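Contents: one structure, followed by commentary.
A short reminder: the numbers here are calculations on the coordinates, not readings from a lab. Source: prediction; values computed, not measured. Ideal geometry is used to build each Cβ from the backbone, glycine not excepted, and the neighbour counts take in all protein chains shown.
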Amino acid sequence: MNKEKEKLMKMLQAMDFAIYETALFLDANPKNKRALDYFKKAREMRDQIREQYVEKYGAVNFGTIHGESWDWVETPWPWQYEG
């Protein structure tokens, strides 16, 4: 994977993580305006990053089924990429 593609994918994964974690926080704190504002901004940022990725490299594919397993488990996990 080239450096730019890898960078965009890492950014996309980070934003997806932030969105998911914020959604969990909002489940317990639904009236927290700062968290809700952050959630909305994070989704906008994620959408922009995803759009950039799709324009340059095609559809975002986090995994597909090949035979009896998911192929994404064979790729490096986010913490296994070199810093």
- Quick calc, region 1-57, dipole around Cα centre from Cβ unit charges on Lys, Arg (+) and Asp, Glu (-), nearest 20 debye, gives 160 debye
- Query: Which of I19, Y57, A35 sits closest to the plus end of the dipole of region 1-57, meaning its Cα is farthest towards the positive end, when Lys and Arg get +1 and Asp and Glu get -1 on the C-beta?
  - Reply: A35
- Evaluate the distance, in nm, between pseudo-label points positioned 7 Å from the Cα of V60 and of K10 along their respective Cα→Cβ axes. 1.7 nm
- Message: Can you work out the Karplus-derived ³J(HN,Hα) for every residue in region 52-60? Use 6.51 cos²θ - 1.76 cosθ + 1.60 with θ = phi - 60°, whole Hz, and x for glycine or proline.
- Response: 4, 4, 4, 4, 8, 10, x, 4, 7
- Report Rg (one decimal) and Dmax (nearest whole number) for region 1-57, counting Cα atoms only, units Å. 13.1, 42
- Lysine pairs meeting the criterion (Cα under 23 Å, 8 or more apart or interchain), as found in region 1-48: 8
